[in-house]
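Data first, discussion second: the structure below is written as structure tokens.
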Amino acid sequence: MINSNACFAESMAAQPLTFLRLLRSLFYPMPLGSDSITDAQATSSWTVVRQWGLVPRSSIQPLQFPTRAFRAPDGTTLIAEELGIHKQVPFRFECRTIRVNKQGELMFDSTDLGIDDGFGCLIGDNRIALLRRTHWELLLLSELGEIESRLPLERVSKRIPRYVCWTHQGTLLVVFFNRSFEIDIAELDCNGRLLWFLPVSSTKIGIPASVQLLASDRLLLADSFRHIILEIDRNGQPCWQHGQAGSPGDTEGRLSSPNSVETTGSGGRLIVDTRNHLVLTQSAAGGLPMAHPCESGLCDPTYATGLAHGHTLICDTGHARVLEVDAQGRLVWQYGGRPVLDRPFSYPRSIDILGPNDFLVADTGKNRVLRLQGDQISSVQTPGGLFWPRCCRRVGHDGLLIADARNGRIVELTADGVQSRQVSRLISSNGHTALPETLEDPHDVRLLPNGHLLVTDSAQDLVLEIDWAGHIHFAVGWQEQLKLKDPHSAQALPDGSLLISDTGHQRVVLVGRDGNLIREYRSIAGDGCCYRLHHPRYAERSEDGTLVISDTGNNRVLGATMDGQLCWEFSEVPNSEESGLNQPRWATLFNSTELLVCDHFHHRMLHVSRRASSEATCDA
């Protein structure tokens, strides 16, 4: 078993780390000693055979990921945005707040103050409250951006301060959270005095993506983790809810990762349904919300707020812009990038090899399956109703096996796209009540030689072998001897063992048929350094014996021996406008030098070829 501590000690001895680099290694799990070039890197060079889906960016991109926008009385707009998405630590810290006028001229930038963690909002009389996430500090700035006072937050909460908002009572709400269900919400006055603190033990809030204090003294929240919006009282007790908790969807009465909700002047609600790419309006009486028009289209919007004359200010995050639209959805004002109306892929998730230059892709965000043949991209016929298909594989003669994730089922289709069978309900063959009765969110599925299905149900922390009747024949993750956390993929090896990407535990594991751990890979050993894994979301052993790991959180793909020795790394894309990977979710070899990668957050597919010396091979 690879010893991470031993690797760490080896790297420290080989190359002393400054205190800053040590801190970065803790917050941003990247390969220690990565300043030096390893033999595998030196002897491996990659060329792009083909890439699909990359949309050229504008040469001028003033915003990256805007997530809050506020219109000031003087007509200027304050924008808070996330930065450093490519690092993808469990919680992003890098952010900035800017102020622009109607002509798009920059009036204020928090980074000019030497602040790279400042997330702000407008407060009374046109001033700015700037939350420093890594300093547990709230700055109050003048209209011109000058620091007037500092409010310490370290005694308010030990959790990470995420954002701040202004209330109609002239107070500040600060939201803290480390992960889902571990939250604090505090109300402060402008002198930093604590006025109220949410008793967390009395509520069940997943991730409060937005919060607003209502005139009724209730709080209106968007819970993006549980896919609902809700009102709670000061004791944290729910008083009203819209959406189905834990059940996202695009049908009536459902939401998918709502990131903000606010009341409107008429008493209704303005809802940002992020994963459904919609802004919704709901009447004060509740009921089914209606889509707010937007002629130019939205991609992953995260925030919306009402303006005068029926206009709406929207953070169109996927298009890296903030826009103002009128009541008919016509564009009135915009700052940032131009929208891409016909992106070829939306969060591609899996790839299966049908033949030379012939591949099958699960285009998850658009709820469809695509076929790539050379430069041609075509849709594969599937029945309607797929919701976030995370995996698609060829079975039989042109049949398809799909992990229809958000619908909690596995579907088999015939060559002409007709559903032949499905499984969603489960039956525990041995009577264990600890095993689930249904699939919840299958991320991966494989057809086994015995006709059974190997299913990775990430939401339930399980890898299951089931038949089409739903009988569970084998399960990994529910017993005390080996717990899984958010597993994303599983592969059955010829000896019967299972190779599993145990994503939430930051590792890949090899598990025997008895359910016991054979080996774990928390890091891959290079020459004088360790390549620590960070949220690996896919792993497979290729035909030539290479262990291929999509090291998602580190934005790279690693090739290694089954003994955990590094053979090669792919992280830089040569001769491409997007020179790096961004959250690669899937990677597979189809010979010893040809690699296919789902570059998830760049919405593209890559086919690259490696030229390497014999020292960098991974032959079994």
(request) Can you figure out the FRET efficiency of residue 215 with residue 440, using R₀ = 35 Å and their beta-carbon distance, to the nearest 0.05? (result) 0.35
(message) How tilted is helix 4-14 with respect to the longest principal axis of the chain? Cα atoms for both, answer in degrees (0 to 90, nearest 10).
(response) 80
(message) Nearest 5 percent is fine: what portion of the DSSP beta bridges confined to the chain is antiparallel?
(response) 95
(request) Can you tell me the dipole magnitude for the chain around its Cα centre, using point charges on the Cβ only (Lys, Arg +1; Asp, Glu -1), in Debye to the nearest 20? (result) 620
(message) Using 0.36 nm times the number of residues separating residue 459 and residue 308, minus their current alpha carbon distance, what extension gain do you get?
(response) 50.1 nm
(request) List the equivalent ellipsoid semi-axes of the chain in whole Å, largest first, each obtained as the square root of 5λ for an eigenvalue λ of the Cα gyration tensor. (result) 41, 29, 25
(message) List the residues, sorted by chain then number, that are 5 or more residues from residue 311 or on another chain and whose placed amide H is less than 5 Å from its amide H.
(response) none
(request) Report the local net charge at residue 192: Lys and Arg +1, Asp and Glu -1, summed over other residues whose C-beta lies under 14 Å from its C-beta. (result) -1
(request) Taking the dipole about the Cα centre of the chain, with the C-beta of Lys and Arg at +1 and of Asp and Glu at -1, give me whichever of 550, 232, 596 is farthest to the positive side. (result) 232
(message) I want to check the label-to-label distance for residue 191 and residue 473. Put each point 7 Å from Cα in the C-beta direction and report it in nm to one decimal.
(response) 7.1
(request) Would you mind telling me the share, in percent, of accessible area of the stretch 509-620 contributed by carbon and sulfur at probe 1.4 angstrom? (result) 40
(message) What is the sum of charges, Lys and Arg at +1 and Asp and Glu at -1, for the other residues whose Cβ falls under 11 Å from the Cβ of residue 547?
(response) -1
(request) Calculate the length of the line joining the C-alpha centroid of the stretch 373-404 to that of the stretch 108-172, in whole Å. (result) 47
(message) I'd like the Karplus ³J(HN,Hα) series for the stretch 527-532: coefficients 6.51, -1.76, 1.60, θ = phi - 60°, whole numbers in Hz, and an x wherever there's a Gly or Pro.
(response) 7, x, 8, 10, 9, 6
(request) Return the calculated 222 nm mean residue ellipticity for the chain, to the nearest 500 deg cm²/dmol, obtained by summing -39500 (n - 2.57) across DSSP H runs with n ≥ 4 and dividing by the residue count. (result) -1000 deg cm²/dmol
(request) For residue 178, enumerate residues with amide H under 5 Å from its amide H, sequence gap 5+ or separate chain, H modeled in the peptide plane. (result) 160
(message) Can you work out the Karplus-derived ³J(HN,Hα) for every residue in the stretch 486-495? Use 6.51 cos²θ - 1.76 cosθ + 1.60 with θ = phi - 60°, whole Hz, and x for glycine or proline.
(response) 6, x, 10, 8, 8, 9, 8, 8, x, 7
(request) Take the alpha carbon atoms of the stretch 534-588, find their center, do the same for the stretch 297-315, and report the distance between the two centers in whole angstrom. (result) 38
(message) Using a 7 Å offset from Cα along Cα-Cβ at residue 290, what residues in the stretch 235-266 end up with backbone N under 15 Å from the label point?
(response) 266
(request) Sticking with the crude label model, points 7 Å out along Cα→Cβ, report the distance from residue 543 to residue 527 in nm, one decimal please. (result) 3.0
(request) Provide the net charge surrounding residue 218, with neighbours chosen by a C-beta distance below 11 Å and charges set as Lys +1, Arg +1, Asp -1, Glu -1. (result) -2
(message) Once you place label points 7 Å from the Cα toward the Cβ at residue 147 and residue 181, how far apart are they in nm?
(response) 3.9
(request) Starting at the first residue of the stretch 187-194, write each ³J(HN,Hα) from the Karplus equation 6.51 cos²θ - 1.76 cosθ + 1.60 with θ = phi - 60°, in whole Hz, x for Gly and Pro. (result) 10, 10, 8, 6, 9, x, 6, 6
(message) Rolling a 1.4 Å sphere over the protein heavy atoms, what is the accessible area per residue of the chain, to the nearest Å²?
(response) 41
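The values are calculated or read from the model by the stated rules, or taken from the named source; none is laboratory data. Everything numeric here is computed off the predicted structure, so don't read it as measured data. Positions of Cβ are backbone-derived with ideal geometry, glycine not excepted, and every protein chain shown enters the neighbour counts. Areas reflect the complete protein model, heavy atoms only, side chains present, ligands, DNA and RNA absent. Shrake-Rupley method; radii C 1.70, N 1.55, O 1.52, S 1.80 Å.
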